[in-house]
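One structure below.
The values are calculated or read from the model by the stated rules, or taken from the named source; none is laboratory data. As the structure is a computational prediction, the values presented were derived from the model and not from experiment. All Cβ positions, even for glycine, are placed from backbone atoms using ideal geometry, and neighbour counts span all protein chains on display. SASA here: full protein model, heavy atoms, side chains in, ligands and nucleic acids out. Shrake-Rupley method; radii C 1.70, N 1.55, O 1.52, S 1.80 Å.
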Amino acid sequence: MTNPLYDGLFGVHADKRTPFLHLLDGTTITHQDFLANATRIANLTAKIGLKPGDRVAVQVQKSPDALALYAACAQSGLIFLPLNTAYTVDELSYFIKDSGALLIVCDDRSKKDLSAIANRSGATVETLNADGSGSLAEQASGMPSTFSTVDRDADDLAALLYTSGTTGRSKGAMLTQANLLSNARTLANEWRFTSDDVLLHALPIFHTHGLFVASNVTLAAGGSMIFLPKFDLDQIIGLMPRATTMMGVPTFYTRLLDDVRFTRDLTSHMRLFVSGSAPLLAETHGQFEERTNHRILERYGMTETNMNTSNPYEGERRAGTVGFPLPDVELKITKSDSGEALPEGEIGQIEVRGPNVFKGYWRMPDKTADELRQDGFFITGDLGQIDSDGYVHIVGRNKDLIISGGYNIYPKEIELVLDEQPGVLESAVIGLPHPDFGETVLGVVIPKVGQSPDLDKMMDAVSQSLARFKHPRRLVLLNELPRNAMGKVQKNVLRDQYQNIFAKA
Ligand code: MLC
Ligand code: AMP
């Protein structure tokens with residue numbers, strides 16, 4: 001009788017009085033206290049009437065309690081569904097309905113909006129604020145700190161993470177206990193994490209990187225984290241002397257490099273810097289080494305697969321590459337049309353198979369069949385090649401996707417909103433180079449003949465429906481979209497035309 005994820009990552013530390021979370025106010029939470037809190041929350045979810053396999057949708061600010069709620073879900077066999085704090089009510093409404101979540105946890109400010117959604121679906125709403133207040137925390141505080149951990153199979157679902165799609169409709173990626181546990185253990189091992197490590201954690205915990213990579217790896221090793229609410233340059237620089245490792249998206253590293261306080265002295269004691277979620281420019285890799293004498297370790301992953309590849313801890317961390325497939329992960333480069341494997345050095349779509357690969361998309365068997373082959377290989381939508389030394393290079397994407405500051409933005413989602421606006425014939429949304437976010441969003445709008453759509457009103461409409469990070473940084477009007485002989489919009493032509501629009505002044 002076991003619960004692999006809970007036993008492997010959390011329960012194993014139940015009696016440890018060593019630090020787990022170091023907070024900004026100078027306080028520390030031990031592993032033992034963290035788990036006692038999680039256990040009280042687990043008791044509360046049982047009292048609310050939740051059963052193993054039920055979904056818990058969570059849109060809260062990053063806090064120790066928010067992480068404890070994740071641990072509580074693992075202990076209770078509930079499926080944790082974390083949601084970006086930037087999502088609008090329109091977006092949330094879809095996720096809650098699609099997942100059939102029976103408990104929604106949000107902060108006090110969103111309670112009214114989410115209660116209206118919950119009423120329609122029969123879900124319960126509890127609140128959890130960044131400062132630890134709220135109805136969930138209040139009720140949990142009166143609960144016992146012992147709980148009989150719910151039995152789960154390795155193949156049972158532990159989390160549901162929504163990722164947008166090229167059709168504009170988001171899909172819930174079903175991640176099992178084994179997906180999360182195997183990847184955490186592999187990464188902790190590959191990156192030599194131990195209980196002495198102190199990870200500087202400034203990522204959000206509603207995505208794979210901050211939750212399943214940073215937090216799970218720390219848990220797998222029994223180490224601790226300096227747990228920051230968000231990326232704040234002054235805080236990072238001030239706290240770096242107390243850390244041994246850091247994980248971040250490339251924007252973290254370019255922002256650090258832009259600051260003169262970020263020096264070789266400041267980082268000389270650090271053991272490891274890891275980057276992922278978006279391409280790290282070879283130029284940034286080089287500047288980082290020049291400044292600090294550290295070579296950033298770049299790895300490659302996705303919501304559907306956790307981590308697939310990593311540069312080596314020992315051995316050459318090669319700039320512009322994402323390293324080698326992780327142990328037990330198979331990676332091949334295939335032809336997009338036939339799925340046939342391509343010889344070394346050729347560019348094709350990246351497919352991966354292994355214990356890290358998800359179980360499919362929630363209640364979308366057709367979408368699952370399109371992307372997850374019968375033989376277990378997942379078609380990532382990324383384009384890559386493997387060099388003669390075995391390093392994987394990501395050279396592009398086979399999917400229309402923009403990655404801004406590590407957040408994924410699917411143009412289709414924005415185009416659907418723009419196309420509905422008065423006076424608009426059609427639109428095309430593209431990603432362009434941006435000095436801070438790597439890429440950012442430009443919306444190209446084609447008016448109906450004789451009409452001149454109001455761009456400000458269009459931006460208001462976008463704000464109403466979509467999270468801030470998805471908003472086009474600019475809208476431009478054009479008479480017509482460039483098309484090829486088949487009538488397909490040539491986004492590459494638009495990207496060439498506007499490529500310097502967001503370049504550094
Ligand atoms: C914030 N804004 C963004 C943005 N983040 N806009 C576009 N892209 C982003 N990533 C908005 C803000 O709302 C704000 O709006 C304005 O841009 C300026 O904000 P800022 O203060 O400069 O941003 P900041 O709060 O500092 O956030 C930037 C960031 C953050 C890079 C630190 O976005 C971040 O933590 N990103 C990490 C994302 C992540 O964890 N991805 C992992 C996905 S998992 P306004 O209204 O003020 O103009 C995955 C798998 C894998 O991909 O392999 O890991
Ligand atoms: P997400 O769906 O948010 O998990 O984003 C996954 C996508 O991020 C991948 O399919 C890649 O396109 C991209 N990605 C993640 N890590 C890297 C990396 N190191 N280099 C380039 N792209 C990356």
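What trypsin sites (Lys or Arg not before Pro) in segment 422-505 are in a loop by DSSP, with at most 11 other Cβ atoms within 10 Å of the Cβ? Don't jump to the answer; show the numbers that get you there.
Details: sites: Lys448, Lys457, Arg468, Lys470, Arg473, Arg474, Arg483, Lys488, Lys491, Arg495, Lys504; in loops: Lys448, Arg473, Lys488, Lys504.
When the trypsin sites (Lys or Arg not before Pro) of segment 422-505 are filtered for loop state and at most 11 Cβ neighbours within 10 Å, Lys488, Lys504 remain.
Can you give the Rg to Rh ratio of the chain, both from alpha-carbon atoms, with Rh computed by the Kirkwood formula?
My calculation puts Rg/Rh at 0.96.
Trypsin sites (Lys or Arg not before Pro) within segment 312-412: which are DSSP loop residues with at most 12 other Cβ atoms inside 10 Å? Don't skip to the end; give the middle numbers.
On the way: sites: Arg317, Arg318, Lys332, Lys335, Arg353, Lys359, Arg363, Lys367, Arg373, Arg397, Lys399, Lys412; in loops: Arg317, Arg318, Lys335, Lys359, Arg363, Arg373, Lys399.
In loop regions of segment 312-412 (DSSP not H, G, I, E or B), the sparsely surrounded trypsin sites (Lys or Arg not before Pro) are Lys335.
Order these peptides, 167-174, 289-296, by their mean beta-carbon neighbour count within 10 angstrom, highest first.
Values: 167-174: 18.8, 289-296: 15.8.
By packing density, highest mean first, the sequence is 167-174, 289-296.
Quick query: amide H of Thr2 versus all other amide H atoms, modeled in the peptide plane; which residues come in under 5 Å with a sequence gap of 5 or more or a different chain?
Close amide H contacts, sequence-distant or interchain: Arg152.
If you restrict to DSSP beta bridges whose two residues both lie in the chain, what percentage is antiparallel, to the nearest 5? Walk me through the numbers on the way to the answer.
Details: 47 of 78 bridges.
In the chain, approximately 60 percent of DSSP beta bridges are antiparallel ones.
Which cross-chain or sequence-distant (5 or more) residues have an amide H under 5 Å from the amide H of Leu326, H modelled 1.01 Å from N in plane?
Thr309, Ser310
Which value, in Å² rounded to 10, gives the accessible area of Leu181 with a 1.4 Å probe and all protein chains present?
20
Sorted from largest to smallest, which semi-axis lengths in Å does the alpha carbon gyration tensor of segment 205-295 give for its equivalent ellipsoid, taking the root of 5 times each eigenvalue? Please report the intermediate quantities before stating the final value.
Details: eigenvalues 85, 47, 32 Å².
The equivalent ellipsoid of segment 205-295 has semi-axes of 21, 15, 13 Å.
Rg(Cα) of segment 231-397 divided by 2.2 N^0.38 Å? If you can, show how the numbers build up before the last one.
Details: Rg = 17.8 Å, N = 167, 2.2 N^0.38 = 15.4 Å.
This ratio for segment 231-397 stands at 1.16.
Roughly how much of Asp454 is accessible, in Å² to the nearest 10, using a 1.4 Å probe?
Rounded to the nearest 10, the figure is 70 Å².
Taking a ≥ b ≥ c as the square roots of the Cα gyration tensor eigenvalues, with a/c under 1.5 meaning rounded and otherwise prolate when a/b beats b/c, else oblate, which class fits segment 424-505? Please report the intermediate quantities before stating the final value.
Working: a/c = 1.87, a/b = 1.10, b/c = 1.70.
Because a/c hits 1.5 or more and a/b fails to exceed b/c, segment 424-505 counts as oblate.
Looking at segment 1-59, which trypsin sites (Lys or Arg not before Pro) are in a loop (DSSP not H, G, I, E or B) and have at most 10 other Cβ atoms within 10 Å?
Working: sites: Lys16, Arg17, Arg40, Lys47, Arg55; in loops: Lys16, Arg17.
Answer in residue order: Arg17.
In deg cm²/dmol and to the nearest 500, what is the mean residue ellipticity at 222 nm of the chain if only DSSP H runs of at least 4 residues count, each as -39500 (n - 2.57), divided by the residue total? Walk me through the numbers before you get to the answer.
On the way: 15 runs with 145 residues, N = 505.
For the chain, the value works out to -8500 deg cm²/dmol.
Give the relative contact order (percent, whole number) for the chain; include only Cα pairs under 8 Å separated by 6+ residues.
On the way: 1070 pairs, mean separation 57.9, N = 505.
This gives 11 percent for the chain.
How large is ³J(HN,Hα), in whole Hz, for each residue of segment 186-201 in order, when computed from phi with the Karplus curve 6.51 cos²θ - 1.76 cosθ + 1.60 and θ = phi - 60°, using x for Gly and Pro?
4, 5, 4, 5, 4, 9, 6, 6, 9, 5, 7, 6, 10, 8, 7, 10
Among DSSP bridges having both ends in segment 243-374, what percentage is antiparallel? Round to the nearest 5.
Antiparallel bridges: around 65 percent, rounded to the nearest 5.
Kindly write out, for segment 69-74 in residue order, the coupling ³J(HN,Hα) from the Karplus curve 6.51 cos²θ - 1.76 cosθ + 1.60 (θ = phi - 60°), rounded to whole Hz, with x marking Gly and Pro.
5, 4, 4, 4, 5, 4
³J(HN,Hα) across segment 367-372 via Karplus (A = 6.51, B = -1.76, C = 1.60, θ = phi - 60°), whole Hz, x for Gly/Pro?
Once rounded to whole Hz, the list reads 4, 4, 5, 5, 10, 10.
Give me the distance between the Cα centres of segment 435-495 and segment 206-242, rounded to whole Å.
Between the Cα centre of segment 435-495 and that of segment 206-242, the gap is 36 Å.
Need one value: the accessible area of Val60 in square angstrom, 1.4 angstrom probe, rounded to the nearest 10.
Per-residue accessible area (Val60): approximately 10 Å².
Taking a threshold of 19 Å on the Cα-Cα distance, which of the pairs Lys399/Lys448; Lys171/Lys470; Lys457/Lys504 fall above it? Walk me through the numbers before you get to the answer.
Numbers: Lys399/Lys448 28 Å; Lys171/Lys470 17 Å; Lys457/Lys504 27 Å.
Correct reply: Lys399/Lys448; Lys457/Lys504.
Once you keep just the Cα pairs under 8 angstrom separated by 6 or more residues, what percentage relative contact order results for segment 231-397?
Details: 296 pairs, mean separation 25.4, N = 167.
Averaging sequence separation for qualifying contacts and normalising by length gives 15 percent for segment 231-397.
Can you give me the long-range amide H partners of Gln490? Hydrogens built in the peptide plane at 1.01 Å from N, cutoff under 5 Å, separation of 5 or more residues or another chain.
The list, which skips near neighbours in sequence, is Arg483, Asn484.
Between Ala14 and Arg495, take the C-beta separation as r, use R0 = 45 Å, and let me know the FRET efficiency to the nearest 0.05. Spell out each step's value before the answer.
On the way: r = 52 Å, r/R0 = 1.16.
With a Förster radius of 45 Å, E is 0.30.
Relative contact order, percent, of segment 401-498 when contacts are C-alpha pairs under 8 Å separated by at least 6 residues?
Numbers: 162 pairs, mean separation 25.9, N = 98.
Reported relative contact order: 26 percent.
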